[in-house]
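Here the structure comes first, spelled out in structure tokens, and everything after it is commentary.
The values are calculated or read from the model by the stated rules, or taken from the named source; none is laboratory data. Small disclaimer: the values here were computed from a predicted structure and weren't measured. Neighbour counts run over all protein chains shown; Cβ positions are idealised from the backbone, glycine included. To get the accessible areas, we keep the full protein, side chains included, count just its heavy atoms, and leave off ligands, DNA and RNA. Shrake-Rupley method; radii C 1.70, N 1.55, O 1.52, S 1.80 Å.
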Amino acid sequence: MEDEDKTKTQLLQKMVELQRRNAAELALVNKLNDAVNHGQSLKQIIRLLSKEVKKSFACKGVTILLLDANKSHLILQNSTFTPALIKRLEKLLGIDIPSVGLPLNKSGYYAEILQTAQPRLVTAAETIQSIINEFIQEAAFENERIRKRVHSKVPQIYHLLGIKSGISMPLISSEGAIGILDVFTNNIFDESDV
């Protein structure tokens, strides 16, 4: 009898959490709709989306990357990582972090998400470090020596960011995938979060 009550309680907790998430998602859609209807700029809407997703998921960071006009690069539009964290990263790396325009590597992590138009859940430390490395390989550094130095610090970058899992979701319009929304947490996401 006690096991049955425990199972019922767990099921009820999951249902309440699902309702909370559905309400949060609906509220986000309404806020975005209001922003569009009030003529806010794309930059303002992207900032709003980042802020609200970060709050909704109680996550560490959100980044939004959009395809350029040629659909050959993903351009970082917004990141909710704190200025303090960015300063710590820059101190670790010994450089100012360059603005990121990622050439789409046909076999890369982000290219796969855009091609399949499917979200991806990442929880393995090796995969997260591989994504960090993809950013480093494609970022606009002054020279190859700096890129190699930064590459050697991927494990330290990973630990400094404190990311335990992430979800990358394609942003899709009527013309197809236009970008990616990344959500990172120092907790563990699961399939229900996707």
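What value, in deg cm²/dmol to 500, does the helix sum -39500 (n - 2.57) over DSSP H runs of n ≥ 4 give at 222 nm once divided by the residues of the chain?
Numbers: 7 runs with 101 residues, N = 194.
Computed mean residue ellipticity for the chain: -17000 deg cm²/dmol.
As a fraction of the 1.4 Å probe accessible area of the chain, surface on carbon and sulfur atoms comes out at 55 percent. Over all orientations, the chain has a Cα convex hull whose mean projected area works out to 13.3 square nanometres. In summary, region 85-177 shows an alpha-carbon radius of gyration equal to 1.16 times the 2.2 N^0.38 Å reference for compact globular proteins.
Report the FRET efficiency, 1/(1 + (r/R0)^6), for Ile146 and Ala58, where r is their Cβ-Cβ distance and R0 is 41 Å, rounded to 0.05. Working shown, then result.
Values: r = 35 Å, r/R0 = 0.85.
Step by step, r from the Cβ atoms, then E = 0.75.
Take peptides 164-176, 47-59, 9-21 and line them up by average Cβ neighbours within 10 Å, highest first, as a rough protection proxy.
On the way: 164-176: 15.6, 47-59: 17.2, 9-21: 10.6.
With the highest mean Cβ count within 10 Å placed first, the list reads 47-59, 164-176, 9-21.
At 30 angstrom or more along the helix axis (alpha-carbon based) and mean Kyte-Doolittle of -1.0 or higher, what helices does the chain contain? Whole DSSP H runs only. Long hydrophobic helices here: 2-37.
The residues of the chain expose on average 61 square angstrom of accessible surface per residue, using a 1.4 Å probe on protein heavy atoms.
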